[in-house]
Amino acid sequence: MEFNQYQEEARKTAIYPNKGSNFIYPTLGLVGEAGEVAEKIKKIIRDGDSVISEEKKAELAKELGDVLWYIANLAEELGVKLEDVAKGNMEKLRSRQERGKLHGEGDNR
């Protein structure tokens, strides 16, 4: 599935207040779901000796899917295509890599 196709399909399942003019809802959902991913990883470190079982991998994949859903809907609220976000990110990272700036701080490296 392509990014823009995913964004279109995710939008069909979006039900929340003021959809189309509400970037706050998907933003809050995104950080909540990212927190769930972090919590699962924390428990894998604490309880599983940092070993990710196939069961835990499947659980993480589901949570990552939820993260992706919120990213897609936030992008839609902002009027940007997910594919453009992905391409822009790779261009930024390639430029940093070519200039030896992958390490360090700040957005404008």
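One quarter of the convex hull surface, Cα atoms only: what value does that give for the chain in nm²? So the mean shadow area of the Cα hull is 9.0 nm². Label reach from Asn4 (point 7 Å along Cα→C-beta): in region 67-92, amide nitrogens under 18 Å belong to 72-91. Protection proxy ranking for 90-102, 29-41, 1-13, using the average of other Cβ atoms within 10 Å per residue and placing the highest first: 29-41, 1-13, 90-102.
Tally Lys and Arg at +1 and Asp and Glu at -1 over the other residues with C-beta under 13 Å from the C-beta of Leu74: what net charge comes out? Combined, the nearby Lys, Arg, Asp and Glu give -1.
Determine, for each peptide in 60-70, 78-88, the mean count of other beta carbons within 10 angstrom over its residues, then list the peptides with the highest first. Kindly include the intermediate steps, with their values, before the conclusion.
Numbers: 60-70: 15.6, 78-88: 13.6.
Averaged packing, sorted descending, gives the order 60-70, 78-88.
Ordering Ser21, Ser53 from the fewest to the most neighbouring beta carbons within 10 Å gives Ser21, Ser53. Spacing of the modelled spin labels on Met90 and Asp47, each 7 Å from Cα toward Cβ, amounts to 3.7 nm. Available extension along the chain between Glu105 and Asp66 is 11.2 nm, counting 0.36 nm per residue and deducting the alpha carbon span.
Quick note: the coordinates plus some simple rules give every number you see, no bench work behind them. Note that the structure is a prediction, hence the values are computed from the model and not measured. Using ideal geometry, Cβ is built from the backbone for each residue, glycine included, and neighbour counts are taken over all protein chains shown.
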